[in-house]
Structure formats: C-alpha cells, structure tokens
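Derivation of every value follows stated rules applied to the coordinates shown; laboratory data play no part. Keep in mind that this is a model prediction, so the values were computed, not measured. Counting neighbours? That spans all protein chains shown, and the Cβs are built from the backbone with ideal geometry, glycine included.
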Ligand SMILES: Cc1ncc(COP(=O)(O)O)c(C=O)c1O
C-alpha cells in the first residue's frame, strides 16, 4: 500500500545527501579532540558542519554549540538562569504555546523561586503584544517565545518581541526548531541572544542539534566535565550526527522556495476539507507553509489518525495527548479552541516529498472516515460550529 507521510513536524526523513555524507564519515572513528591524524580529520568534518549550520542562520561559526537537539538546547538556555546570578532580575516570560521542553524548563525555575509569566496568544496563536508588555519589566531576565509553533504553525514576530525584551534589559531566546528551512531565519534580523535548532526537522539525523549563543551573551554549560564545544558542552563530539546535520543545513539554505510550493498543497487540502467536510475548523493562521491543523467536530482525533493510518496516511493528532492524560493540547487551549473540538483535531504537516496526488488521496479517504466516526459518536454536532 502506498504510504503518504504528512507528519513532517514530528520528524523528517533523512535526506539522501545527509545520508551520503554520514556514510562517508562512518569509518572516520577518530575522536575530534585527539591531536593525531584521525582526530584532526574528525575535527575538520565537524568544523565544516559548523560553518554550514552557522551560514544557515546568518551566525558566526563560533556562535554555534552542537548538542543532542532542540530539547537539550532549550534546557540549556533555562539552565543558564538557574546557575547564574541575575541580581534583581528574577522573572521569566514564556509564551503560552511553547514546546513542552520550554514549559517544563520554566517550571523547574519556578520551583526554585523564579516568577514565570505565560504570555497569552490570540485565537490564531499570535502573541498578544499588549499583554506581553504588561508583564515585561525591569525584573525580567529572559523572554522565550518560539518562532513557529509545532502544532498549529503560527509564526511570531520575533524581531519585534526581541526589541521590546531587550529594551527592558532582558535576554531573548527563540525556539526556531520548526521555522528553520521553512521560512527565512537570520539571527541578525531577529537579534535574539539564543536560538534553538534541531537536525531531524530539516532532513538531518535524529539526536543532533545546536544552540546559537550570540557572542557576549551570558552562557553556562548544561553538561559539564569536558572541554568540547569550547567548554560549552561536554561529551565526545558525535561526528556522525554533526556531519549529517551540517549537510542538512547546507541543503536547507535552498528550501524556502520549495516550501512556498508546498504551501500550495497545504492550502488546497485546507480548501477541500472546508468545502467537503462540514463542521470543521482550521486552527492557526497558516503562516508556517507546511502546517495545517484542523478540528473535526464530533470525531476523536486519535480515531481519525488510526483510520487514516490503516489506509496509508500518516498524520498526528493536533490535540497530541502525548502526556497520555487525555487533556486537550495546551496550544489549542491557549487559542481558546472549544475543548471538544480540540479532541477532534488533526495536524497535517507536509514535507518536500509530498505532491498533489497525496492531497487528492487524502480527500478520497478522509470525508468517509470523519462521517463514519461522527455516526458512532455521542457528541452532537451542528449546534455550535458552522
Ligand atoms: C518547537 C519544538 N521545539 C523543540 C523540539 C524538540 O526537539 P528535539 O526532538 O530535537 O529534541 C521540537 C520537536 O518536536 C519542537 O517541535
């Protein structure tokens, strides 16, 4: 059976170029910290990758710290606050729709006495700047707002938020895991102090990522006990992961135009869903070109996912009950989605391998799946949502 992969925000497949670069390096077993030839060769490969990753976001190579991925990068930023004296600055602002690894990192600091504000977003997922300004003050040490949301794909005006944060004397971090390669990301334009990236969202390998730290920005390592990454991240360099990431970053430089074409597929799927399946709501504002999050009233997201999987279509639930506690997603709650609708939401996240045939196939199978589930649902639809 043909498989149609529409879960690229969860992860992307390894690109052929990244795979080739990793195959070539797999025999290069030297420790990049060793001074002999094998070590030097590994070091060269890592520094080449660093230059590619830096170039992708307009950074200096020295501003890139390689690590295990987005979760580690986000944890690292919050750990700086935990370990460093910020004087009277003991407040943090995060947006209400951050990735769980940011929210959990902030919560850890809250337990240590930090004040954490969760800045609200509007019904499309955009940060409410006026509300943000109300909690931003001379006590704010860090503002952390993601560039693009993983569930609904809303893109924030980070340059503007950075300007406000820095005017108040706060440090600015953005989680750009979902944005890099899909939209223009340049640290000079964004002017952020810290930026998070992950290789497996840009057709690189899993378990590799980077944190951009602006030259001069406060920093303390999360993982200590080694001089690697200039003393900023201990542990023997993962040559394989870094080289794959570097190649993926090189290829990602030219992806924005391709994602603009992908947006047309996404828009067509959205158009057809809204036309052919009544009682549906689109969550988010469509600003990330590949992401479509839709709530289907009267149908469970998980049931839709499993039924689509059976006919070869791979998606994820927008309500991502990843915690297993059955609660609707914090992102959908933050945009004030109806909790019942939130349970019926599906995220379609397109990638570079998709085409219009995929959209047409989804539309051949999806309406019937939704109607069958609605027929056996106890939830009555039609009174609140069309
Ligand atoms: C917005 C965002 N931040 C962070 C992460 C975590 O990245 P990683 O899987 O590399 O740890 C993800 C992954 O889903 C993400 O979507």
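The order of 227, 99, 330, 173, going from fewest to most other C-beta atoms within 10 Å of their C-beta, is 227, 330, 99, 173. So the label point goes 7 Å from the Cα of residue 336 along Cα→C-beta, right? Which residues of segment 130-154 then have their backbone N under 17 Å from it? Counting backbone N atoms under 17 Å from the label point, the list is 130-132. If you run the Gaussian network model on the chain, springs between alpha carbon atoms under 10 Å, then out of 38, 157, 186 the most flexible one is 38. Using the Cβ-Cβ distance between residue 189 and residue 34 with R0 set to 41 Å, the FRET efficiency works out to roughly 0.60. For the chain, modelled as a GNM whose springs connect Cα atoms under 10 angstrom apart, the maximal fluctuation among 289, 328, 218 occurs at 218. Here the simple spin-label model places points 7 Å from the Cα toward Cβ, and for residue 110 and residue 206 these points are separated by 2.9 nm.
Computing FRET efficiency as 1/(1 + (r/R0)^6) for residue 137 and residue 380, where r is the C-beta to C-beta distance and R0 is 45 Å, gives about 0.45. When the Cα convex hull of segment 76-228 is projected onto planes of every orientation, the mean area is 9.4 nm². Connecting C-alpha atoms closer than 10 Å in a GNM of the chain, tell me which of 304, 335, 369 has the biggest fluctuation. Between 304, 335, 369, it is 369 that shows the largest mean-square fluctuation. Remark: the residue 24-residue 168 segment gains 47.0 nm on full extension, using 0.36 nm per residue and subtracting the alpha carbon distance. Efficiency by 1/(1 + (r/R0)^6): what FRET value for residue 372 and residue 123, r their Cβ-Cβ distance, R0 = 30 Å, to the nearest 0.05? Efficiency, from the Cβ-Cβ distance: 0.50. If you sort the three axes of the alpha carbon gyration tensor as a ≥ b ≥ c, you get a/c of 1.5 or more for the chain and a/b no higher than b/c, which makes it oblate. Working from label points 7 Å from Cα in the Cα-to-Cβ sense, the residue 47 to residue 309 distance is 4.7 nm.
Sorting the segments 44-57, 114-127, 353-366, 22-35 by their residues' average number of neighbouring beta-carbon atoms within 10 angstrom, most packed first, yields 44-57, 114-127, 353-366, 22-35.
Remark: 194, 5 ranked as 5, 194, counting other beta-carbon atoms within 10 Å and listing the fewest first. Exposure proxy for 271, 214, 2: other Cβ atoms within 10 Å of each Cβ, ordered fewest to most, give 2, 271, 214. Using the rule -39500 (n - 2.57) for each DSSP H run of four or more residues, divided by the residues of the chain, the 222 nm mean residue ellipticity is -12500 deg cm²/dmol. In Å, the Kirkwood hydrodynamic radius of segment 51-125 over pairs of distinct alpha carbons? Its Kirkwood hydrodynamic radius stands at 14.2 Å.
One Cα centroid belongs to segment 2-59, the other to segment 60-81; the line between them spans 17 Å.
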